[in-house]
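The values are calculated or read from the model by the stated rules, or taken from the named source; none is laboratory data. Because the structure is a prediction, the values reported are computed rather than measured. Positions of Cβ are backbone-derived with ideal geometry, glycine not excepted, and every protein chain shown enters the neighbour counts.
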Amino acid sequence: MYEGSDEPLRPMENADWGPNWDEDEGAGEYPNSYYFYLPRICNHCTHPSCVEACPRSAIYKREEDGIVLVDQDRCRGYRYCVEGCPYKKVFYNAQTKTSEKCIFCYPRIEGEGPEGEVRPPSCAEDCPPQLRHVGFLDDEDGPIHKLVNEYEVALRLHPEYRTEPNVYYIPPYAPPQTSESGETVDAERIPRNYLEELFGERVNDALNTINRERDRVRQGEESELMEILSTVNNDDQYRLEVFDDDD
Amino acid sequence: MTTDDAGTGRELGARELAVAAALALAVVAATAAFPAVVDARAAYEIPVEREASAGDLAEPTGDAWESVETVHVPMSSSGAAVPGGSDTTVESVRVAAARTDDRLYVRLSWSDPTANASTDSLRAFADAAAIQLPVSSDSRPPIAMGSTDDRVNVWYWNAADGTESLLAGGAGSTTEIPESAVETSATHTGDRWTVVFSRSLSSDRANVTDIDSDEDANAAFAVWEGSNGERSGQKAVSEWYYFSLGQSDGASPYETVLWAVAGIAIVLTTLVTVEGIRRTRGE
């Protein structure tokens, strides 16, 4: 835990590397350069290779909700999990000499958040445009089931790793390309083959579906998919009751 | 050959046999009486020097160690099912052991040109060494960390974090025993690590080996080379050895058997020679 200190937090002087160092780096050529954010947390995979990599079972996947955790008492800092995660989401803490990872803010989900309330993970609650949904995939009344299984617009990152991540992404959207004179051109700005590399072949159907539903909204029709994607109603976004063991 | 001659021959033979038997007994007795004259160390034995007081045994370079016999223990990869489980670098460890009335001192020394004493960055692993003992000192558990019903204690030293006392019942089950009674002292000089482990012989704690001060105690050794990324099951290990704490100051049974065989061979050779000479004389 961060204990706090009298020293105010300041930027590191003459830093030449740090977390997220190379993240805001676009690609493509002006005027059709592009970038998008791909926030990555631990995927809490269905078949977590970090768990497989640990010779002493210090990492485990919780039966009740699938959250993957490092038992800090069992961890001896061998770092096989750090090497074993293809998403690079386990980190070695050189101070504690143990490996650490995203805990999906399980205390908040269990009702030990601020003011003793059940809260969604911080990454979801603190996302400024409130873009994240939290719940169970098999909760058929929830938005995640609809996005993943019904509309098939939410995709796994690098599904070819076959660890079956439980974080899904709506593939990024960018304005179309423009000519040098500034005219809109009928060509996609983010290369489709790059998106296929990230999300697999299914990204094509997903983008087509999103396009179709956007057109419906433009024409004044209703779209459940667009409602789900644009809602800022937390009750719709977070289905935290599914995490309640007593149900 | 007359009947009388034959009788004389038998008498001669009996006399020679008595001499040869006496000689053979002398060989065996000499072996038992003067173990220092011949190499009295059995395979897998770590002789334990008995000292009246600890002196500077706790120091890796202590003078007290100069009179203690050193055993060269060959090491090989543990072959554990971890990445690089067969990739280890340390090929032998020098082991010496000494004891006082109540404490066992074990000194391990091995060649390692790089002293890796930090685990402060992602790919930094520390040099380490360990001594494994069965929890129940008269058993010989599976060498790879024992088993659930035949557990082991591990005296563990690591160049970054010091000493730990561990309990294991099979690979992956290693657990620290709090308030370790094991003490270590280490030094890296001249491309070698030298580490002294010590602990009181007796222990009344559950799951901690109570070393009987007059029974041989099984032990195995392990070394990790940090610069090679060695940790967990990626380690160089020995077979089971034993600290000879038992009271027998003489040769081991193994050696006595060998010398007895030699004695019998002397008897037979003498008899054959006697018989040969007799036949040559035409008796």
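For region B:124-139, the candidate set comprises residues that are more than 14 Å from chain A (Cβ to nearest Cβ) and surrounded by 17 or more Cβ atoms within 10 Å (Cβ to Cβ); within that set, the residue that is modelled with the lowest pLDDT is B:Ser137.
A count restricted to region A:6-50 and to residues that are touching a residue at least 24 places away in the same chain (Cβ under 8 Å) and within 14 Å of chain B (Cβ to nearest Cβ) stands at 2. Kindly indicate which of B:Ser121, B:Ser67 is without any contact (Cβ under 8 Å) to a residue 24 or more places away in the chain, of a type outside the set (Asp, Glu), surrounded by fewer than 16 Cβ atoms within 10 Å (Cβ to Cβ) and closer than 30 Å to A:Phe91 by Cα. It is B:Ser121.
When region A:56-99 is filtered for residues that are of a type in the set (A, V, I, L, M, F, W, C) and in contact with a Lys or Arg (Cβ under 9 Å, 6 or more places away or on another chain), the ones remaining, listed by number, are A:Ala58, A:Ile59, A:Ile67, A:Val68, A:Leu69, A:Val70, A:Cys75, A:Cys81, A:Val82, A:Cys85, A:Val90, A:Phe91.
Of the candidates B:Thr174, B:Thr184, the single residue that is buried (at least 20 other Cβ atoms within 10 Å of the Cβ), within 12 Å of chain A (Cβ to nearest Cβ), in contact (Cβ under 8 Å) with a residue 24 or more places away in the chain and among the β-branched types (Val, Ile, Thr) is B:Thr174.
Looking at region B:140-171, which of its residues are of a type in the set (Asp, Glu) and surrounded by fewer than 17 Cβ atoms within 10 Å (Cβ to Cβ)?
B:Asp149, B:Asp150, B:Asp161, listed by residue number.
Any residue at all in region B:112-133 that is of a type in the set (D, E, K, R), under 16 Å from the mean Cα position of the chain (by Cα) and not in a helix (DSSP H, G or I)? Within region B:112-133 (the criterion being of a type in the set (D, E, K, R), under 16 Å from the mean Cα position of the chain (by Cα) and not in a helix (DSSP H, G or I)), the answer is no, since none of the residues qualifies. Quick check, is A:Lys101 surrounded by 13 or more Cβ atoms within 10 Å (Cβ to Cβ), at positive phi and of a type in the set (D, E, K, R)? In short, no. Which condition number in (1) in a strand (DSSP E or B); (2) at positive phi is the one that A:His44 fails? The number of the failed condition is (1).
Among the helices (runs of 4 or more DSSP H) lying completely within region A:49-131, list those that include at least 3 residues that are within 17 Å of B:Arg123 (Cβ to Cβ).
By residue number, A:80-84.
Between B:Ala58, B:Ala43, B:Ala81, which is part of a loop (DSSP other than H, G, I, E, B), farther than 30 Å from B:Arg281 by Cβ, under 20 Å from the mean Cα position of the chain (by Cα) and modelled with pLDDT under 95? Matching residue, one of B:Ala58, B:Ala43, B:Ala81: B:Ala43. Of everything in region B:213-235 that is part of a loop (DSSP other than H, G, I, E, B), in contact with a strand residue (DSSP E or B) (Cβ under 7 Å, 6 or more places away or on another chain) and of a type outside the set (Asp, Glu), the residue that is farthest from the other protein chains (Cβ to nearest Cβ) is B:Lys235. Taken over region B:80-115, the criterion of being buried (at least 18 other Cβ atoms within 10 Å of the Cβ), within 14 Å of another protein chain (Cβ to nearest Cβ) and more than 18 Å from B:Gln132 (Cα to Cα) is satisfied by B:Val82 alone.
Would you be able to say whether some residue in region A:222-233 is free of Cβ contacts under 8 Å to residues at least 24 places away in the same chain and either within 26 Å of A:His47 (Cβ to Cβ) or in contact with a helix residue (DSSP H, G or I) (Cβ under 6 Å, 6 or more places away or on another chain) (or both)? Looking through region A:222-233, at least one residue is free of Cβ contacts under 8 Å to residues at least 24 places away in the same chain and either within 26 Å of A:His47 (Cβ to Cβ) or in contact with a helix residue (DSSP H, G or I) (Cβ under 6 Å, 6 or more places away or on another chain) (or both). Regarding region A:100-117, can at least one residue be identified that is over 14 Å from A:Ile67 (Cβ atoms), away from chain B (no Cβ under 14 Å) and touching a Gly at 6+ places or on another chain (Cβ under 8 Å)? Scanning region A:100-117 turns up at least one residue that is over 14 Å from A:Ile67 (Cβ atoms), away from chain B (no Cβ under 14 Å) and touching a Gly at 6+ places or on another chain (Cβ under 8 Å).
Return the pairs, sorted by first residue and then second, in which the second residue is charged (D, E, K, R) and buried (at least 21 other Cβ atoms within 10 Å of the Cβ), the first residue lies in region A:78-93 and is within 12 Å of another protein chain (Cβ to nearest Cβ), the beta carbons are less than 6 Å apart, and the residues are 6+ apart or on different chains. That search, which allows pairs on different chains as well, returns A:Tyr78/B:Arg231; A:Tyr92/A:Arg79.
Residues of region B:188-235 that are aromatic (Phe, Trp, Tyr) and under 19 Å from the mean Cα position of the chain (by Cα): B:Phe197, B:Phe221. If you filter region A:142-188 down to residues that are crowded, with 16+ Cβ neighbours inside 10 Å and among the polar types (S, T, N, Q), you find that the one that is nearest to A:Lys88 (Cα to Cα) is A:Thr163.
Residue-level analysis places B:Ser173 among those that are part of a loop (DSSP other than H, G, I, E, B), more than 21 Å from B:Val68 (Cα to Cα) and modelled with pLDDT of 95 or more.
Given the criterion β-branched (Val, Ile, Thr) and closer than 21 Å to B:Gly84 by Cβ, identify the matching residue among A:Val68, A:Val51. Give the steps one after another, and end with the answer.
Values: A:Val68 fails: closer than 21 Å to B:Gly84 by Cβ.
Criteria check complete, one pass: A:Val51.
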